[in-house]
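The structure appears below as structure tokens.
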Amino acid sequence: MIRQRATPDSAILAGFESLGDNCELAAVQRLHGVEPLDLFRWSSTSVEMLVDALDHDLEGLDDPAMLSLDITPALPGRDREHVLRHRRFSNYSHTFARADKVDSKIILEREVKRLTLLRRKFLFDVGRGRRTYVFRTTGATDAQADQLLSALRRRAPTNRLLVVRQASAAAPAGQVFARNDGWLDGRLTHLAPEDDGFLADVDGWRELLHTAHTLIASHGRPYRNTASATDRDPALSTSQAA
Amino acid sequence: MTLRREVVGSTIAIVRNELGAPELALGLDTEAREIEGWDSVAMVSVILAVEARYGFEFDAAEMDRMASISDFVERILLHLERGTP
């Protein structure tokens, strides 16, 4: 375990809640001593799964009949870990329990209780509409980002969404754009591998979240700019360097 | 023993138990992030153990505000004084 130390960035990083699709943001938060009680922080997710979960009050997420444990493969330098499989939503979560040290029955009982508590908290938070949710993705389209934001805003119209994807020539790293359809479009030089969020571009994430935080603070919420027909409104774009 | 002392003692005992560290040096002012081995998994375990010990549930906003042993103690005392389930 890592002894955690607060940094000047901790408060800003704590203001964002991960929705997946892997544990990359969670890893960046942990490296800054930020340990929020966020349901999907250590989970693999997809837009389809999240929309389904949001529209159905996350029913079944903590149902023991829908949960089982797998063990990660033996890899050099890595402990084998119990990984929680959610059959209802077809996704996985870290448990951080070593397979050779902790009995699976104990872990499964713990995970059911943990999910019950985190589900309760997630539904409360998403219903209040005060969070900025972050979805990191290599494959989600703009249309899927729209779908995810819509699902979040069906819970509360003031929920915000930052979608983090790999930079491109048209969308450079470090910039965050407020899309006309209401979500924030952030780009990183590179994304971590799907199976190891700790290989994240930590500096890039920190800068991106600072930029998003600045954008949110300066424009209030929710993001909705219907004045322009263009895909992106330059007036609402910003970057750390700007 | 006063209620406060009992709550302080039981909270510290719960944290030690959930972290599997019976000798861990803890005091009222100990911040969660200063504790070796502390993470969100540990935090959830401690919250669940406190809820089971005292028979109430923290609300989501309370969970976000608990950053130290003292925070836990004050919230527990508040619930006990209110008698909230």
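Readers should treat all values here as calculations from the given coordinates under stated rules, not as data from a laboratory. Because the structure is a prediction, the values reported are computed rather than measured. For neighbour counting, all protein chains shown are included, and Cβ atoms are generated from backbone atoms with ideal geometry for every residue, glycine included.
Separation of the stretch A:126-147 from the stretch B:36-81 is 29 Å, based on Cα centroids. Once C-alpha pairs closer than 8 Å and six or more residues apart are averaged by separation and normalised to the residue number of chain A, the relative contact order reads 18 percent. Projecting the Cα atoms of A:Val112, B:Ser70, A:Ser46 onto the charge dipole of the protein assembly as shown, computed from C-beta unit charges around the Cα centre, puts B:Ser70 farthest toward the positive end. Using bins of 10 Å that start at zero, the share of Cα-Cα pairs per bin across the protein assembly as shown amounts to 5, 25, 33, 24, 10, 2, 0, in whole %. About the centre of its Cα atoms, the stretch A:155-217 shows a dipole size close to 360 debye [charges on the beta carbon of Lys, Arg (+1) and Asp, Glu (-1) only; nearest 20 debye]. Of the GluC sites (Glu not before Pro) found in the stretch A:108-210, those that fall in a DSSP loop while having at most 13 other beta-carbon atoms within 10 Å are A:Glu194. Note on chain A: helix-only mean residue ellipticity at 222 nm, from DSSP H runs of 4+ residues weighted -39500 (n - 2.57) and normalised by residue number, equals -10500 deg cm²/dmol. Straight-line reach from A:Lys101: taking Cα to Cα under 13 Å and skipping same-chain neighbours fewer than 8 places apart, the aspartates and glutamates in range are A:Asp79, A:Glu81.
Distant-in-sequence amide contacts of A:Val134, defined by a placed amide H-H separation under 5 Å and a gap of 5 or more residues or a different chain, comprise A:Glu17, A:Ser18, A:Leu19, A:Leu162. From the square roots a ≥ b ≥ c of the eigenvalues of the alpha-carbon gyration tensor of the stretch A:1-156, which class results: rounded (a/c under 1.5), prolate (a/b over b/c), or oblate? The shape class here is oblate. The residue list B:Val41, B:Thr2, B:Ala21 was ranked by how far each Cα lies along the charge dipole of the stretch B:1-73 toward its positive end, using unit charges on Cβ atoms, and B:Thr2 comes out on top. Taking the fewest neighbouring Cβ atoms within 10 Å as the starting point, the ordered list for B:Glu31, A:Glu35 is B:Glu31, A:Glu35.
This model, with +1 at the C-beta of Lys and Arg and -1 at the C-beta of Asp and Glu, gives the stretch A:86-198 a dipole about its Cα centre of some 720 debye. Listing A:His190, A:His86, A:His213 from fewest to most neighbouring C-beta atoms within 10 Å gives A:His190, A:His213, A:His86.
Here the relative contact order of the stretch B:10-85, from alpha carbon pairs under 8 Å that lie six or more residues apart, stands at 37 percent. Under a straight-distance cross-link criterion of Cα-Cα below 29 Å, which lysines are reachable from A:Lys121, leaving out those fewer than 8 residues away in the same chain? Within the straight-line cut-off, A:Lys121 pairs with A:Lys105, A:Lys113. In this rough spin-label picture, where each label sits 7 Å from Cα along the Cβ direction, the A:Arg78-B:Leu3 distance is 5.0 nm.
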